[in-house]
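Colleague: So that we are looking at the same thing, I have put the structure below in structure tokens.
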Amino acid sequence: METNRATEHMKKGLVCSESVLLGVCEELGLNVDDKIIPRIGRLFAGGIGRTGSVCGAVAGGVMALGLVVEPGQTMEEGLAAMKVAEEFRRRFEAEMGSISCRDLTGLDLTTPEGMKGLMESVTSQTICFPAVAAAYRIVLDRLKERATR
């Protein structure tokens, strides 16, 4: 299994979205307020409040990109900045097969059975940790690519 700052945070008990967000901030040397980051990402876990929507690792990655990518001064520059998130999403989906927590895990986390399935299965190890590792790596790759242009 791929390991990096984000997966290390997951091992310590942070959720997927928090782990990616904090890991990227640390890697980039961003001065973060620990009362805000990673906490701001907490409720994105489980596909936004366990609803199975957008994977928390993806949400954490997009939040991290938003902290770094300049929005631009014009509409055109703003739309160009959005392409960073668009490409991140595309690459994550190509690697993981989906950006949907429910599709990735195969679980309905809004039910007791779904939560039990997450806690008692290998889903966290086989899906969530790899998703966190991928999101972290892809964010950093995208930022490096932008910096070399």
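Read-outs: derived from the displayed coordinates by stated rules, not from any lab. This is a predicted model, so every value here is computed, not measured. Cβ placement follows ideal geometry from the backbone for every residue including glycine, while neighbour counts extend to all protein chains displayed.
Colleague: Can you return the lysines within cross-link range of K144? Criterion is Cα-Cα under 19 Å, with same-chain partners fewer than 8 residues away left out.
Modeller: Of all the lysines, those that pass the test against K144 - Cα under 19 Å, at least 8 places apart if same chain - are K83.
Colleague: Would you mind computing, in nm to one decimal, how far apart the modelled labels at V32 and T123 are, each placed 7 Å from Cα along Cα→Cβ?
Modeller: According to this spin-label approximation, the distance is 2.5 nm.
Colleague: Taking the Cα centre of each part, how many Å lie between segment 131-147 and segment 11-49?
Modeller: 15 Å
Colleague: Taking a virtual spin label 7 Å from the Cα of A81 along the C-beta vector, which residues in segment 105-149 bring their backbone nitrogen under 20 Å of it?
Modeller: Hits in segment 105-149 for A81 at 20 Å: 139-149.
Colleague: With +1 on the Cβ of every Lys and Arg and -1 on the Cβ of every Asp and Glu, and nothing else charged, how large is the dipole of the chain about its Cα centre, in debye rounded to the nearest 20?
Modeller: About 140 debye.
Colleague: Using only DSSP helix segments of four residues or longer, with each worth -39500 (n - 2.57), what per-residue ellipticity at 222 nm results for the chain after dividing by its residue count and rounding to 500?
Modeller: -18500 deg cm²/dmol
Colleague: Arrange the following residues from fewest to most other Cβ atoms within 10 Å of their Cβ: S19, S121, S53.
Modeller: Ranked by crowding around the Cβ, least crowded first: S121, S53, S19.
Colleague: To one decimal place, what Kirkwood hydrodynamic radius in Å is obtained for the chain from all pairs of distinct Cα atoms?
Modeller: The Cα-based Kirkwood calculation yields 15.4 Å.
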